Amino acid sequence: MKPILLFILGLCCSLCTCVQAQTVYYVKTLSSGLTGTSWSDALGNLQDAINMAAAGDQIWVAKGSYYGNNGSGYGVVLKEGVSIYGGFLGTESQLSDRDPATNVTSIIGDYATGFIALQATNFNLGLATQIDGLTISGNTSLRLRGIFLSNVPSSLKINNCIIKDFFPIIPANDGLNGYGGGIYMNNSSPVITNCSFSNNKSGGNYGGAVYILGGNPEFINCSFLGNNGATGGGAVYSNGASAIYTHCIFKENTLSSLNSNYGGALYLTGGSSVIDNCLFTGNTAGNGGAALYVFQSELSIQNCTITNNEAANATGGGAIMYSTTDGSQISIANSIIWNNPSTYADQSLGLPEIQDRSIDGSSTAPVAASSIIKNGQFSSLNLAPVFVDGASGDFHLAANSPGIDAGDNSLLDATLDATDLAGNMRIVNGNVDLGAYESVTNLIHNNGDNTFNGFNGALDITGNDYENNLTNTFKWKMVITNSTSAVQELEVDPNDLAAYSLLMTQMGIAFDATHFQVADLTVMPTLLSIITGESDWSTFSGEILITRVVYPGQVQADSVESNSELITIASTLPVTLKDFTGVFQEGAAALQWHTAIETGFDHFELEKSTNAKSFTRLTDVQAQGSNSTYTLQMPQTEQKAYYRLKLVNKDGTSAYFEKLVEIVASKDGEIKVYPNPATTALFINLQQGGVLRLYDAAGRLVHTVCLKEGLNKVNISKLSRGIYFGQIEGGPRFKVVKQ
């Protein structure tokens, strides 16, 4: 036994010596360093740093422009497991210190060094690889492609990148046909987050910004603006892929061909895709489907707004054109599809905005639930959605919109993000709203009609009614005391030409704007604003004079003179969080939060607990400014852990965000299920295989199937319509809606 034990111990020791610490390589324009292991000895060539790095290493790239130089027709060639971060000035010691918006790091497509700016092929090991904070740009006159991916799994993350101005040439031997100006991906499944695609063109027929051939890519919080796809897919052409698009904006994408062209924004053929909380507007196509063209593809559209798209030469299908048979179908839930004209025909005819392209009408008709679709197609609501200012591109729902609280919560996909396109919580007042934006504001108007009397120490603004022609001047004063003891006052005279409104924006829970009691203030902060603007109170709009966050227990009000109120807000915390969320992903807690206001704010402190009582400080995250998105990956070996945020001001005062994030590490890892709702089949992506069991709403086992690692297709065509629950070998349950 002793020789065997010694052998095992020796083997363990030898294995331990093989583990290398992570190395950071530094790259800076015009540098001539040798090792690249510090800013002072930085390398001048990005490809040299990639070639030197090993899996697990990082490359920090300072501002400037970089070119590939391998002479193989490609520019910068990625290596699996090596992550590249841009946005550095060239002096930073922490990754969080960089500023990609100010320190622009560009990967330039250059005709002399290759037809493609950046490429990755055959990543087989699944090692985490990130591309973050880069501007990848071309020159449409040089006819170059941005990114080429082949056989790359979801371990590749492309974050916070700008991909623009590409127009690939069509060489006789590259086999890519000029498709996909920004990205051409073949059998690849990258996760692309917070990226923008603009002014990219297809040198062939398809995919102005992106061409997808197979795979399971994800696009999260991405924008596709002003791309051109010739005959199909002004923004994206997807062939046989099962893709997810969530929190994305498709705007002013088009097709340039004078011949048959469909899918001004998206062209989907084959596969199964999910589009969740997305906006399609200003896209154009010649023959139909200015927003979407769907051919033999299963598609789930959830909480989307599709409006003001135009099919110039069509007699219907201004929004969506489809040809779906052989089990493929479109499902639409909690969405708005409105004012997408087919301008070739007389608009008074009431042409359908969603139209079957098949000559004999043999396509499977879409299924719509809890949605507004113009002309009431597919038993939907035929009610104008009433946007705040659709003409100017503001597609939030107005206060009198029939889309508010009109959705069906059971149709929400629990596997996707629970926020709307603006980052607000998806459900307010109990029911989800229709479209991409949740209504989260209430206006309390004050022009003399409704004054706020009798606070008496409690914030009850039911008020008393007054006429506009008051003989005495109505005065309303707001005094705000912050850390610098500054005082701001607003005096409102109803006889002034200017009009005023008190805007109270809900920060996390629902409230009744007519009876806003102090009890609500003990639960959740509120954003309080004074606005001046037009005097039409039914459609008030204007400029904000004062904005402050009102926190629980920090509001006092006393009547200081007739028809006048004094509100004192003390020790206001100068940061407002929209949300704080997290999921278990690749052995780590993936945490994310968004801010609205950051004034005088210094940093966040992330804390962790295993019992939701005793917390340990993990790391600090410096403030980035108002309307920022923060993301962290923290290793989690525990089965269950809790995370919270401490918000620290520059003056040293602090408070905790009220929400704890609970993350459970399932042994099955991350489970992705789509489309949901589904009609004939579910696609389930697993990091580890197992047995799937489906139960009906009564808890009865109705289906069992073995699943492999990766993507699985589960046939549910024989199940009755309704709600089911899935579970994979003891993991968390997830809801499935069969339509």
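Here is a yes/no grid of residues against (1) touching a Cys at 6+ places or on another chain (Cβ under 7 Å); (2) of a type in the set (D, E, K, R); (3) modelled with pLDDT under 95:
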{"site": "262", "(1), (2), (3)": "no, no, yes"}
{"site": "268", "(1), (2), (3)": "no, no, no"}
{"site": "271", "(1), (2), (3)": "no, no, yes"}
{"site": "283", "(1), (2), (3)": "no, no, no"}
{"site": "288", "(1), (2), (3)": "no, no, yes"}
{"site": "298", "(1), (2), (3)": "no, yes, yes"}
{"site": "303", "(1), (2), (3)": "no, no, no"}
{"site": "310", "(1), (2), (3)": "no, yes, yes"}
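For residues in the stretch 584-622 being of a type in the set (A, V, I, L, M, F, W, C) and over 18 Å from residue 632 (Cα atoms), which is modelled with the highest pLDDT? Ranking the qualifying residues of the stretch 584-622, first place goes to 601. Restrict the check to the stretch 663-677 and report whether at least one residue is buried (at least 18 other Cβ atoms within 10 Å of the Cβ), touching a Ser or Thr at 6+ places or on another chain (Cβ under 8 Å), of a type in the set (Ser, Thr, Tyr) and in contact (Cβ under 8 Å) with a residue 40 or more places away in the chain. Yes - at least one qualifying residue is present in the stretch 663-677.
Does residue 422 meet the test of being assigned to a loop (DSSP other than H, G, I, E, B), at pLDDT below 90, more than 21 Å from residue 282 (Cβ to Cβ) and of a type outside the set (Ser, Thr, Tyr)? Break it down into steps so the answer makes sense when it comes.
Details: assigned to a loop (DSSP other than H, G, I, E, B): yes; at pLDDT below 90: yes; more than 21 Å from residue 282 (Cβ to Cβ): no; of a type outside the set (Ser, Thr, Tyr): yes.
Here the answer is no, as residue 422 does not meet what is asked.
Residue 325 versus (1) crowded, with 24+ Cβ neighbours inside 10 Å; (2) in a loop (DSSP other than H, G, I, E, B): which is the lone unmet condition? Every condition holds for residue 325 apart from (1). When residue 693 is tested against (1) in contact with a Ser or Thr (Cβ under 8 Å, 6 or more places away or on another chain); (2) over 22 Å from residue 276 (Cβ atoms); (3) surrounded by fewer than 16 Cβ atoms within 10 Å (Cβ to Cβ), exactly one condition is not met: (3).
The set of residues from the stretch 231-243 being outside any loop (DSSP other than H, G, I, E, B), buried (at least 24 other Cβ atoms within 10 Å of the Cβ) and modelled with pLDDT of 95 or more comprises 236, 237, 238.
Look at the stretch 372-393 and say how many of its residues are in a strand (DSSP E or B) and surrounded by 13 or more Cβ atoms within 10 Å (Cβ to Cβ).
Residues in the stretch 372-393 being in a strand (DSSP E or B) and surrounded by 13 or more Cβ atoms within 10 Å (Cβ to Cβ): 5 in total.
Applying the condition of being free of Cβ contacts under 8 Å to residues at least 40 places away in the same chain and within 25 Å of residue 415 (Cα to Cα) to the stretch 239-259 and asking which residue is nearest to the chain's Cα centre (by Cα) yields 248.
Just to be sure, is residue 257 assigned to a loop (DSSP other than H, G, I, E, B) and more than 23 Å from residue 712 (Cα to Cα)?
On the way: assigned to a loop (DSSP other than H, G, I, E, B): yes; more than 23 Å from residue 712 (Cα to Cα): yes.
Answer is yes for this residue.
Does residue 713 satisfy the condition of being part of a strand (DSSP E or B), buried (at least 16 other Cβ atoms within 10 Å of the Cβ) and among the basic types (Lys, Arg)? Walk me through it before giving the result.
On the way: part of a strand (DSSP E or B): yes; buried (at least 16 other Cβ atoms within 10 Å of the Cβ): no; among the basic types (Lys, Arg): yes.
Here the answer is no, as residue 713 does not meet what is asked.
The values are calculated or read from the model by the stated rules, or taken from the named source; none is laboratory data. For clarity, every value in this text was computed on a predicted model and none was experimentally measured. Neighbour counts run over all protein chains shown; Cβ positions are idealised from the backbone, glycine included.
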